[in-house]
Amino acid sequence: MNASLTTPSVEEGAEKQNMKHTCEHHAECMKIIQSILDDEATEAEKDHFRENMDKCIPCIESYRLEKCIKDSLNLKIEKKPCPQSILNTIISKINS
Amino acid sequence: MLVAMSEKLTTNEYTDDLRYEVFNREFMPHIDSMYNFAFRLTMDEDDANDLVQDTYLKAFRFISSFEQGTNAKAWLFRILKNSFINDYRKKSKEPSKVDYQEVETTYNSEEASDTTYTVDLRADAVQELIGDEVANALNALPVDFRTVIILCDIEGFTYEEMAKILDIPIGTVRSRLHRARNLLKEKLKSYASSMGYDS
């Protein structure tokens, strides 16, 4: 993810009482959050993220959840090495 | 089917030495990723072994359609995905619980896309899950939804690369990924609830 886009935190906040507790366009925001996390966001989506994501509790929570799921998929799921027998078979077949 | 990742069919002149050199340099470094992709598609070790072998032998046979300097990993993943669909999917041991087309049609309906779709799941609950639980939730998804999550979140392909691997438009990659993630959240929610992580 772009380093300039900092992760907002719900806890930070003397301003919390000024934050939005409902999001009237959450479906659209979810698409933007996904694009941001996948590093596929357009400039307009990045602008929307910067301007709105630290003011809207449902969007901040969603961002945290989506990021956590993405990180879990990448880091927690076991990656197995390809068995040596398959490597040997491939090499012997292409050399025959 | 076995065309280069570029849109046009290109055939490059390869000497025998170059075929082996390109195979070893460009293709072999991706074998672990290919094996894991095959295993997550077939959910069966023997089928994954066969699928990886078949893919690499096809890649060698059709190496003249690989354009050097293009993305070898995406090229290999595309061959593996096509081999899976053509040769393995029909005999897959995975019980087909859900008809994929039906799922996609349902999720593509205007009603579904206009609805704010939320699953009551907290990030803290996901953090408690171990790798096997996350893998089981992923494995419980219909294969086409599972595939986009593997390609994007595990293998780190861009939307453009995924579009080429899967032969679908980028807009469809985007929407399928969105729907796949919503389904995954439901599965993760079930795991988190069963483990008592969401209380």
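The values are calculated or read from the model by the stated rules, or taken from the named source; none is laboratory data. This one's a predicted model, so the numbers in the text were calculated from it and none came from an experiment. So basically every Cβ, Gly included, is an ideal-geometry build from the backbone, and we count neighbours across all protein chains shown.
Brief remarks follow.
- Among the candidates B:Val126, B:Val119, residue that is assigned to a loop (DSSP other than H, G, I, E, B), touching a residue at least 24 places away in the same chain (Cβ under 8 Å) and not assigned by TED's automatic domain parsing to the domain that holds B:Arg78: B:Val119
- Of all residues in the stretch B:63-105 being under 26 Å from B:Tyr159 (Cβ atoms), among the aliphatic types (A, V, I, L, M) and part of a helix (DSSP H, G or I), the one that is modelled with the lowest pLDDT: B:Val103
- Just one of the listed residues (B:Arg146, B:Arg179) is more than 12 Å from the chain's Cα centre (by Cα), surrounded by 17 or more Cβ atoms within 10 Å (Cβ to Cβ) and either part of a helix (DSSP H, G or I) or more than 10 Å from every other protein chain (Cβ to nearest Cβ) (or both), and it is B:Arg179.
- Filtered residue count, the stretch A:39-60, keeping only those that are charged (D, E, K, R) and crowded, with 20+ Cβ neighbours inside 10 Å: 0
- Restricting the stretch A:1-37 to residues that are among the aliphatic types (A, V, I, L, M) and surrounded by 14 or more Cβ atoms within 10 Å (Cβ to Cβ), the residue that is modelled with the lowest pLDDT: A:Leu5
- The stretch A:70-96 residues that are facing chain B (nearest Cβ under 7 Å) and closer than 19 Å to B:Leu141 by Cβ, paired with ones that are of a type in the set (Val, Ile, Thr) and surrounded by fewer than 16 Cβ atoms within 10 Å (Cβ to Cβ) (beta carbon under 7 Å, 6 or more apart): A:Lys76/B:Ile130
- Verdict on A:Asp71 being out of contact with any Lys or Arg (no Cβ under 9 Å at 6 or more places or on another chain) and under 14 Å from B:Arg181 (Cβ atoms): yes
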